[in-house]
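Since the structure comes first, as structure tokens, the remarks are kept for the end.
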Amino acid sequence: MASALVRDDAEEGSAAVEFLAASLLLLVPIVYVILTFSAVQAATYAAESAAREAGRIYSRADTQAAAERHALLATTLAFSDHGIDVTPSEVLTVRCEETPCLTPGSTVHIQVSVRVPLPLLPDFVVDRVATSVTVSADAIATVDRFGG
């Protein structure tokens, strides 16, 4: 009976080390995936908002110059609301169905496309692998029949 109470002290304390190692191996990738999805989702919301608002602005504008200026401003604001810094003239594309663009009853096609860099990648990875995701959103707006 005495032999049943003998303990093997060679394994003492290793459970904590194993727990920490397993936690780090599982936790770090999960946190990275959450950060990546958050960045892409924020850009998606910003692009959708920018496309929708730029379409509304174009369809109700009095002049082409005002429409362009306000659409660029709306794009800047939509992205800045989500903490994303963009150059609006690079991410916003406007195509008009008719010429002039603000012909009553015509449609305006808005596309917003932005590249989202993947977070926390070291420089040696950036040179070898695709390190960004392109997010885009489209909107179609009809110009008011009776003007803005």
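The values are calculated or read from the model by the stated rules, or taken from the named source; none is laboratory data. Small disclaimer: the values here were computed from a predicted structure and weren't measured. Glycine also receives a Cβ, built like all others from the backbone with ideal geometry; neighbour counts cover every protein chain displayed.
Does ALA71 satisfy the condition of being surrounded by 19 or more Cβ atoms within 10 Å (Cβ to Cβ) and over 17 Å from ASP138 (Cβ atoms)?
no
Looking at the stretch 64-92, I want the residues that are closer than 16 Å to ARG115 by Cβ and modelled with pLDDT of 95 or more and have a partner that is charged (D, E, K, R) and not in a helix (DSSP H, G or I) with Cβ atoms under 8 Å, at least 6 apart or on another chain. Which pairs are those?
That search, which allows pairs on different chains as well, returns PHE79/ASP85.
List every residue pair whose Cβ atoms sit under 6 Å apart, with the two residues 6 or more apart in sequence or on different chains, where the first one lies in the stretch 112-139 and is without any contact (Cβ under 8 Å) to a residue 24 or more places away in the chain and the second, anywhere, is hydrophobic (A, V, I, L, M, F, W, C) and assigned to a loop (DSSP other than H, G, I, E, B).
Taking only residues 6 or more apart or on different chains, the pairs are THR131/LEU118; THR131/LEU121.
Taking the stretch 95-148 on its own, how many of its residues are among the β-branched types (Val, Ile, Thr), out of contact with any Leu (no Cβ under 6 Å at 6 or more places or on another chain), under 20 Å from ALA65 (Cβ atoms) and in a loop (DSSP other than H, G, I, E, B)?
Total satisfying the criteria: 2.
Looking only at the stretch 108-123, decide whether some residue is under 28 Å from LEU72 (Cα atoms), over 16 Å from the mean Cα position of the chain (by Cα), surrounded by fewer than 17 Cβ atoms within 10 Å (Cβ to Cβ) and not aromatic (Phe, Trp, Tyr).
Looking only at the stretch 108-123, we keep the residues that are under 28 Å from LEU72 (Cα atoms), and these are 108-119.
Then drop every residue that is not over 16 Å from the mean Cα position of the chain (by Cα), which leaves 108-110.
If we keep only those that are surrounded by fewer than 17 Cβ atoms within 10 Å (Cβ to Cβ) too, we end up with 109.
Applying the additional criterion that residues be not aromatic (Phe, Trp, Tyr) yields 109.
Yes.
From the list ALA51, ALA61, exactly one residue is buried (at least 18 other Cβ atoms within 10 Å of the Cβ) and modelled with pLDDT of 95 or more. Which is it?
ALA51
I'm trying to understand the selection: among the residues of the stretch 41-88, which are assigned to a loop (DSSP other than H, G, I, E, B) and of a type in the set (Val, Ile, Thr)?
THR63, ILE84, VAL86, THR87 - these are the residues of the stretch 41-88 that are assigned to a loop (DSSP other than H, G, I, E, B) and of a type in the set (Val, Ile, Thr).
Sort through VAL125, VAL143 and tell me the only one that's touching a Phe, Trp or Tyr at 6+ places or on another chain (Cβ under 8 Å) and β-branched (Val, Ile, Thr).
Criteria check complete, one pass: VAL143.
How many residues are crowded, with 17+ Cβ neighbours inside 10 Å and under 15 Å from ALA46 (Cα atoms) when one looks only at the stretch 83-107?
Residues that pass the stated criteria total 5.
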